[in-house]
Amino acid sequence: MEQREVELLIVGGGPAGYAAAGRGRQLGLRTLIVEKDAIGGTCLNRGCIPTKSLLESASLYERMHRCDEFGLEASHLGVNYPQVMARKDRIVKNLVGGLGTMLQHRGIEIAEGEARFADQDAVVVDGETPLRILPQRTVICTGTVPAHLPMLEPDGRFIFDSDSILLQTSLPESMIIVGGGVIGSEFACIFQSLGVAVTIVELTDGLIPGEDQDLRRALLRELKKKKIKVQTNAKITDAAVGDDGVRVFFEQRGQTKQLHAHACLSAVGRRPVLPSGIELAAEKSGFLRVGDDFRTSVPQVYAAGDVIGGLQLAHLAFFEGIAAVSSSCGEDFASQWHVPRCVYTDPETASVGLSEQEAEEKFGEAIVGMFSLKGNGKAMILGSNSGFCKVVADPSGRVVGFHMIGPHATEMIAGAVVALEQEMTLKQWSQCIHPHPTVSESIHESVLSALGLGLHA
């Protein structure tokens, strides 16, 4: 078995892993990534990129059906789902190839295979070419996989998770989606727009739990407008597969109910993928425990990305991977950020910072400003003006949260992130000009509203 000494070992080549490797090379470290699957991790291969490709196809198809609203005529519209999936695969293949080339050009070596710790100081790669690695420091970026309910184990025929559903090349007539969080809500929009009858079954009182209540209510309303059925406060108790699909049983407000569909997508969260051969302290949830410096309970081993829990977002994983390597080299780094939370439903939602409810709990009261997109010219032109912008500030006027539902919300949230990171006040933010006509003007209007100075409200 070949033995290799490196200054930085990255276990896992997803967003946290390849960002960490890039930072390692910037610091002059001999860097090696071990990846058992495809470089890019869940985000690039089974998450962010492929699902957004499907969402774009679904959104375009839905807009084409509304072309008469824009004075246009079209006929013979249809869905070629194998081509939709082929487009998704081309995008993923191009990005994976480009990422691999970029890493190679930076002098980052990639070893294919599964890594396991032989001891605290050595890692063995079980691949076609077995390798024993002696690293000075290691960053674990092994990510997560879909969690499953015992009665809804994916079978590749009727029951799917967010990984296996991306391998299907045909559409079912109907689908039950168990879980109304980010993943479930996004897939609901994809399949409903492409002609599948969708029902969401959610354990809590609404969609995207944990977000601002106004945002949650608005998204629920909009998805129901799309004829997506939503069963809330519903606990799955059993499921049965037959020749014609799957039957799901659930309890809701003291009653036992059931649904039948041709397919079921389980979207009930994700669980961490933990490295083997080493004992590391973990939280009760199973995710690795790290300090502010991203160090695990073993001094020379760090961890970053989804495997440490919290918000499981690629853009946060990038920052955590970079911070972990910087920390391991004694470099200055940030360990806390205002992280944008984006949901690519139709309409999109985006948030950063505290909800109105969280701000009231923390400060006793909150200053809130809202502006409806019904008063925004660009949203009206786009034919999507049923959303809003909402800004939340503490009693002193410092901005502590921002929430939006509407077109381009996931693009515009970056401006709110800057406002929170720079600890801007409502007055300071109100002095920032937003271009006209754009949906982004609604951000400015919500800030003016919080100050009692609304221009178009």
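The values are calculated or read from the model by the stated rules, or taken from the named source; none is laboratory data. These numbers come from a predicted model, not from an experiment. With ideal geometry, Cβ positions are generated from the backbone for all residues, glycine too; neighbour counts draw on all protein chains shown.
Please work out if LEU420 is touching a residue at least 12 places away in the same chain (Cβ under 8 Å) and more than 29 Å from the chain's Cα centre (by Cα). Taking the combined requirement at face value, the residue does not satisfy it. Where strands (runs of 3 or more DSSP E) sit wholly within segment 206-297, those with at least 2 residues that are surrounded by fewer than 21 Cβ atoms within 10 Å (Cβ to Cβ) and β-branched (Val, Ile, Thr) occupy 234-242. In segment 143-172, of all residues being hydroxyl-bearing (Ser, Thr, Tyr) and touching a residue at least 12 places away in the same chain (Cβ under 8 Å), the one that is surrounded by the fewest Cβ atoms within 10 Å (Cβ to Cβ) corresponds to SER170. Going through (1) in the same structural domain as GLY397 (by TED's automatic domain parsing); (2) crowded, with 21+ Cβ neighbours inside 10 Å one by one, GLY321 falls short only on (1). For segment 298-314, the set of residues classified as closer than 20 Å to TYR344 by Cβ and of a type in the set (A, V, I, L, M, F, W, C) consists of LEU311, LEU313, ALA314, listed by residue number.
Cβ-Cβ distances below 8 Å connect the following pairs, each with a first residue in segment 362-374 that is under 12 Å from ARG398 (Cβ atoms), a second residue that is among the charged types (D, E, K, R) and in a helix (DSSP H, G or I), and a separation of six or more residues or different chains: ALA366/GLU356; ALA366/GLU360. Checking each residue in segment 4-31 for being out of contact with any Asp or Glu (no Cβ under 6 Å at 6 or more places or on another chain), within 16 Å of LEU134 (Cα to Cα) and among the basic types (Lys, Arg) picks out only ARG4. The residue that is nearest to the chain's Cα centre (by Cα), among those in segment 64-93 that are in a loop (DSSP other than H, G, I, E, B) and among the hydrophobic types (A, V, I, L, M, F, W, C), is VAL79.
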